[in-house]
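What follows is a single structure, written as structure tokens, with notes after it.
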Amino acid sequence: MKKTITIKENESHNRLDKILVTQLPELTRSQIQKMIKHGIILVNNKPAKVHEFLKAGDTIIIDSSEGMNPIKKPTTTETPMAIIGQPKIIFENDDFIVIEKPSGMLTHPTDKGETDTLVDWLANLYPEIEKIGEYKYRGGIIHRLDREVSGVMVAAKSEAGFYHLKKQFKERKVKKIYLALVYGRIEDSNGEINLPIGRNKDGQFVAHPRQGKLKFLASDKIAKTKYKVLEYIKDYSLVEVKILTGRTHQIRAHFYAIGHPILGDQIYKPKKKFFTFLRRKIKVINPKRIFLHSQQIGFYNLNNQWVEFNSSLPEILTEFINDQKNK
């Protein structure tokens, strides 16, 4: 198939994949998104993005004469993480929706134009949600969970809901509690990690310990994490974590910085097959995903009533704990 489409005035400001759904009725939206991702569709002779908005006069070129061989091959060879389960709606009203996000699902697309994100899932259920909020491609999204992390999160379904929730996140009034299993036995049963987070020379987010007269780096941001040890399981600590700030990779970077990386974390992980803690060698094991789960979120609804929503630990992580206890 080879086709050229010029955007008319009445089609202006619409999203590329939505325009193509009407122009190519023989294809599904999912098939069109895959064609965009593989470089088969160009906009103004440049590789297109799934969530690209078009204006009058833009030219779309579709050339699949060579099949699904991409015009522009993906730059990464990393195998995408499998999505474990599907999102689950815990609660919803006209203003917000509370969801359980599965491990392996991106919250929103990056500049790579991924599909199958939570944003796409929400938009399929509620097309009007795409217009909610301040950012394109993030309809209704106020906060995010890392791709690997599962658990409860909230999204807005109305403009009033978006700005009401956003204000609470900004003022740090939202309660966010996680469960994590970390290497080693944490000595203090209750503690607070107060290490600023910035980027290292490779661009990765890291926590920077302050030592001596070392000052904050210009790019560092204040980050605070509270934790409570719930249980020691063999050579690991099951901890309840409450974040007082919302930095990227905050929990992961903080526990790595204090010498207790999270099991299954593929970024902040021990670099050898054995992790040494207090001169004791602990075997590095993989629970098939990161052992970090968003257990609870609490906030004020639009009637200024405090509400809380919970998410149980996924079965794969519960079984992992039970296996460790039975060994």
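The values are calculated or read from the model by the stated rules, or taken from the named source; none is laboratory data. Worth saying up front: this structure is predicted, and the values here are computed from it rather than measured. FYI the Cβ positions are ideal-geometry reconstructions off the backbone, even for glycines, and counts take in every protein chain you see. Remember, those area values only see protein heavy atoms, side chains included, never the ligands or the DNA or RNA. Shrake-Rupley method; radii C 1.70, N 1.55, O 1.52, S 1.80 Å.
Of the residues examined, Ile297 is one that is under 23 Å from the mean Cα position of the chain (by Cα) and surrounded by 15 or more Cβ atoms within 10 Å (Cβ to Cβ).
Does at least one position in the stretch 259-277 carry a residue that is surrounded by 14 or more Cβ atoms within 10 Å (Cβ to Cβ), of a type in the set (Phe, Trp, Tyr) and within 23 Å of the chain's Cα centre (by Cα)? Before the answer, list the steps.
Here is the first cut: in the stretch 259-277, the ones surrounded by 14 or more Cβ atoms within 10 Å (Cβ to Cβ) are 259-265, 267-270, 275, 277.
Next, from what is left, pick out any that are of a type in the set (Phe, Trp, Tyr): 268, 275, 277.
So of that shortlist, the ones also within 23 Å of the chain's Cα centre (by Cα) come out as 268.
There is at least one residue in the stretch 259-277 that is surrounded by 14 or more Cβ atoms within 10 Å (Cβ to Cβ), of a type in the set (Phe, Trp, Tyr) and within 23 Å of the chain's Cα centre (by Cα).
The set of residues in the stretch 282-294 being surrounded by 12 or more Cβ atoms within 10 Å (Cβ to Cβ) and not in a loop (DSSP other than H, G, I, E, B) consists of Ile282, Leu292, His293, Ser294. Checking each residue in the stretch 10-38 for being open to solvent by 40 Å² or more (accessible area, probe 1.4 Å), touching a residue at least 40 places away in the same chain (Cβ under 8 Å) and within 20 Å of Lys131 (Cα to Cα) picks out His13, Asn14.
Per-residue answers, yes or no, for (1) closer than 29 Å to Ser312 by Cβ; (2) open to solvent by 10 Å² or more (accessible area, probe 1.4 Å); (3) touching a helix residue (DSSP H, G or I) at 6+ places or on another chain (Cβ under 6 Å):
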position	(1), (2), (3)
Met153	yes, no, no
Val182	yes, no, yes
Asn190	yes, yes, no
Phe205	yes, yes, yes
Lys224	yes, yes, no
Leu238	yes, yes, no
Leu244	yes, yes, no
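Of all residue pairs spaced 6 or more apart or on separate chains, those with beta-carbon atoms under 9 Å, a first member in the stretch 114-126 that is farther than 12 Å from Ser30 by Cβ and a second member that is in a helix (DSSP H, G or I) are Glu114/Lys37; Glu114/Asp120; Val119/Ile129; Val119/Glu130; Leu122/Ile129; Leu122/Glu130; Ala123/Ile129; Ala123/Glu130. Quick check on Ala48: is it more than 19 Å from Asp116 (Cα to Cα) and at pLDDT 80 or above? Criteria not met by Ala48.
The number of residues in the stretch 87-106 being in a loop (DSSP other than H, G, I, E, B) and farther than 11 Å from Thr117 by Cα comes to 4.
Tell me, yes or no, whether the stretch 53-64 has at least one residue that is under 28 Å from the mean Cα position of the chain (by Cα) and modelled with pLDDT of 75 or more. Outline the logic, then answer.
Step one: filter the stretch 53-64 for residues under 28 Å from the mean Cα position of the chain (by Cα), giving 53-54.
This time we only want the ones that are modelled with pLDDT of 75 or more, so: 53-54.
Yes: one or more hits.
Residue count for the stretch 94-136 satisfying the condition of being under 19 Å from Ala48 (Cβ atoms) and open to solvent by 30 Å² or more (accessible area, probe 1.4 Å): 6.
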